[in-house]
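Let me begin by presenting the structure, written as structure tokens, before commenting on it.
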Amino acid sequence: MAHLDGRERAAYVQNMFDRIAGRYNLMNRLMTGGQDLKWRRFVVQQARLRPGDRLLDLATGTGDIAFEALKAVPGIQAIGADFSLGMMRVGQKLPLGDQVGWTGGDALNLPFPDNTFEAVTSGYLARNVIDIPRMFAEQLRVLKPGGRIVVLDSSPPKDNLLRPFIELHLRYGIPLLGRLIAGRNGADAYQYLPASTQSFKTPDELAALMRAAGIRSVAYHLFMFGTMAVHWGEKPA
């Protein structure tokens, strides 16, 4: 995986998520001790949705963030977009699956008109795209003026006393759990996912990219010993 870039990397990631779709939610609960549910609720809070708003949830996967938004703010219109059709097929069968508008989509070339949504959320998208500035430019394009961007993603472990233990978990604990739960299909996936965490942007670096893209009032909050971050900001009005 490390030697891939561009279209080859995108194709690898797409195929990987299709293969692990059936066990993805279970693995998330186990890897995080159920904390990922709290992070997604926080994402929805930062989106500041109101009844009647339109939400675009990118890298929606099985729809966890979209579902949380529908539960928190009844009356919104939730669109879930992902390039992994296998993940979305799993989500369609879950409770509230019939209330999400599912669509295949590339985060670097979104199939939506300008100024369409009041909020754009994403979970674990940024570390998997090949062009982060382009990703943010597309999100700004489809947002209405004053709309909110909220990003949930992993962060490299901080340089502190906990770092060796976190790195052991990333390098050995998660891949082992992936093999046990997801079988052969999950073996390489749960090596890639921890590796992509360690090589991703720091929270400050991602915040700087958001500001450089033209997003205003950028801020973030850290979870799970600093290994998860939720960033948010607004499209200028």
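Quick look at the numbers
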quantity	calculated
Strands (runs of 3 or more DSSP E) lying entirely in region 1-110 (those with 2 or more residues that are at pLDDT 85 or above and farther than 22 Å from residue 134 by Cα)	77-82, 100-104
Any chance residue 72 is touching a Lys or Arg at 6+ places or on another chain (Cβ under 9 Å), within 20 Å of residue 234 (Cβ to Cβ) and either surrounded by fewer than 18 Cβ atoms within 10 Å (Cβ to Cβ) or not hydrophobic (A, V, I, L, M, F, W, C) (or both)	yes
Single unsatisfied condition, residue 199 versus (1) modelled with pLDDT under 95; (2) surrounded by 21 or more Cβ atoms within 10 Å (Cβ to Cβ)	(2)
Some residue of region 167-186 being modelled with pLDDT of 65 or more, surrounded by fewer than 19 Cβ atoms within 10 Å (Cβ to Cβ) and either closer than 24 Å to residue 110 by Cβ or of a type in the set (Ser, Thr, Tyr) (or both)	no
Any chance residue 94 is over 15 Å from residue 147 (Cβ atoms), surrounded by fewer than 18 Cβ atoms within 10 Å (Cβ to Cβ), of a type in the set (A, V, I, L, M) and over 15 Å from the mean Cα position of the chain (by Cα)	yes
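The values are calculated or read from the model by the stated rules, or taken from the named source; none is laboratory data. Bear in mind the structure is a predicted one, so any value in this text is a computation, not a measurement. Every residue, glycine as well, gets a Cβ built from its backbone with ideal geometry; the counts of neighbours run over all protein chains shown.
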